[in-house]
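Bear in mind these aren't lab numbers, they're just calculated from the coordinates by the rules spelled out. Quantities reported herein were computed from a predicted structural model and do not represent experimental measurements. FYI the Cβ positions are ideal-geometry reconstructions off the backbone, even for glycines, and counts take in every protein chain you see.
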Amino acid sequence: MHIGVDIKGKILTDVKDAIKKFEARPDIKTRFGEPLIGYADSRNPIFDMYFSRTICDHPKRIYRPGNTVVVHFVPFAPEITESNRGGEAPSEDWERAFNESMWLSMRLNGVIREALDTVGRLSSCTNTPTDWNEELCREEWSHKLAAFAAGMGEFGPAGCLKTKNGFAGRFGSIITDGQYAEAFETLDSDQLEALYQKIQRQYAYQEAEGVTCSQEMIKACPAGAISEKGIDRKICQAHCKTIDKYIPSPEVCGKCFFY
Ligand code: SF4
């Protein structure tokens, strides 16, 4: 009997090794937690829902032969997350982790693509590191929406994704022609609409119906972007732009992610 390569096992091992090597570099100070790898089927209608509501590009539009989105999440060490709680400006550790984890994420894309190559699979990257559309206040491609489709967590304020290994860290993804995702539940259009509404409520953006924000969360925002009715994403983006002019994503601030 022929037993094939355990490609998911190999990907996880290779990712863990790459993180260890990255942490050992003398120029890297950030420490990371246990990574998570998720697999989402690009034929899942949830991606069509994202695409038609213009909240995320479709994996098949990025890479036609792609059947699976492989999502990786590397959490920051807990003390880095805690260092960013409260205050006006992001902590020094948080800012450094944001930048260093971006380099790590690019490396992990390479590691996963090399692993897939060993079993003859094709693959493609999903976005550029500076993917951000200021008109839409979002990325063209959302690793987190792909992670949600892969069942890796639920959303929180300003689009953070709460995984079993925390909300603070770096998501990345690649698309492959291999088929590695679990079978997905086929939702009808009413169910997809309900899911869209649920995601919008979890984001706590003020355009969504039924959003209420606590006084603690309102006070935690250094930009005054949060009211009881939700987050004003333009005010949030303008504030985040003062921290990172190329990627004015809520990630660079993250003060509301704790709620
Ligand atoms: S400015 Fe910071 S705290 Fe305020 S909504 Fe944006 S990410 Fe959250």
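Using alpha carbon coordinates only, what is the Rg to Rh ratio of segment 42-133, with Rh defined as the Kirkwood radius? Please report the intermediate quantities before stating the final value.
Details: Rg = 16.6 Å, Rh = 15.7 Å.
Result: Rg/Rh = 1.05.
Within the straight-line cut-off of under 18 Å between alpha carbons, the lysines reachable from Lys21 are Lys10, Lys29, sequence neighbours fewer than 8 places apart in one chain being disregarded.
Could you tell me the distance between the Cα centroids of segment 85-101 and segment 63-84, to the nearest Å? Between the Cα centres of segment 85-101 and segment 63-84 lies a distance of 17 Å.
Pairwise Cα distances in the chain exceed 23 Å in 51 percent of cases.
In debye, nearest 20, what is the charge dipole magnitude of the chain about its Cα centre with +1 on Lys and Arg Cβ and -1 on Asp and Glu Cβ, if you could check?
Numbers: 32 positive and 37 negative charges, 77 e Å.
Magnitude of the dipole: close to 360 debye.
For segment 137-250, the percent of C-alpha pairs falling in each 10 Å distance bin, counted from 0 to the bin holding the largest distance, reads 12, 38, 36, 12, 2.
For Lys60, a cut-off of 19 angstrom between C-alpha atoms picks up these lysines, skipping any fewer than 8 places away in its own chain: Lys144.
Calculate for the chain the 222 nm mean residue ellipticity that helices alone would give, adding -39,500 (n - 2.57) per DSSP H run of length 4 or more and normalising by residue count, nearest 500 deg cm²/dmol. Can you show the working numbers first?
On the way: 9 runs with 101 residues, N = 259.
The per-residue figure over the chain is -12000 deg cm²/dmol.
To the nearest Å, what is the center-to-center distance of segment 217-237 and segment 110-125, using C-alpha atoms only? Here the two parts' Cα centres lie 41 Å apart.
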